[in-house]
Amino acid sequence: MENSQKFCGNCDGHNCYDYPTKIFCSTRYAQNKNPIVDTLWCCSDWSQVSQDCYCVQEAKKAKEATTKQR
């Protein structure tokens, strides 16, 4: 897991939305904020996930692939 970096994709409030680049944040939803955010973004309410998830790893791969295409 990417313990050294905080991303929405490794937060305990994330749920799959548009894998791997977008997630649905249940914390932001509960706060009546836009719950659809980038997997590699992070807000002040970040809380480390209890189980490993591939979201961050796959989002980084997708971002790298997009950057190479440009």
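The values are calculated or read from the model by the stated rules, or taken from the named source; none is laboratory data. Just so it is clear, the model here is predicted, and its values are computed rather than measured. Backbone-built Cβ (ideal geometry, glycine too); neighbour counts: all protein chains shown.
Numbers below:
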{"item": "Cβ-Cβ under 6 Å pairs, at least 6 apart or on other chains, the range 41-70 side closer than 22 Å to Arg28 by Cβ, far side surrounded by 11 or more Cβ atoms within 10 Å (Cβ to Cβ) and of a type in the set (Ser, Thr, Tyr)", "result": "Asp45/Thr27; Cys55/Thr39; Ala59/Thr21; Ala59/Thr39; Ala62/Thr21"}
{"item": "Enumeration of residues in the range 47-70 that are touching an Asp or Glu at 6+ places or on another chain (Cβ under 9 Å) and either basic (Lys, Arg) or surrounded by 11 or more Cβ atoms within 10 Å (Cβ to Cβ) (or both)", "result": "Ser47, Val49, Val56, Gln57, Ala59, Lys60"}
{"item": "Subset tally (residues that are part of a helix (DSSP H, G or I) and not polar (S, T, N, Q)) for the range 16-70", "result": "14"}
{"item": "Criterion violated by Cys55 - all others in (1) at pLDDT 95 or above; (2) within 10 Å of the chain's Cα centre (by Cα) satisfied", "result": "(1)"}
{"item": "Qualifying residue in the range 7-24 (condition: hydrophobic (A, V, I, L, M, F, W, C), exposed (fewer than 15 other Cβ atoms within 10 Å of the Cβ) and more than 10 Å from the chain's Cα centre (by Cα))", "result": "no"}
{"item": "Unmet criterion (only one of (1) without any contact (Cβ under 8 Å) to a residue 12 or more places away in the chain; (2) surrounded by 18 or more Cβ atoms within 10 Å (Cβ to Cβ); (3) of a type outside the set (Lys, Arg)) for Ala30", "result": "(2)"}
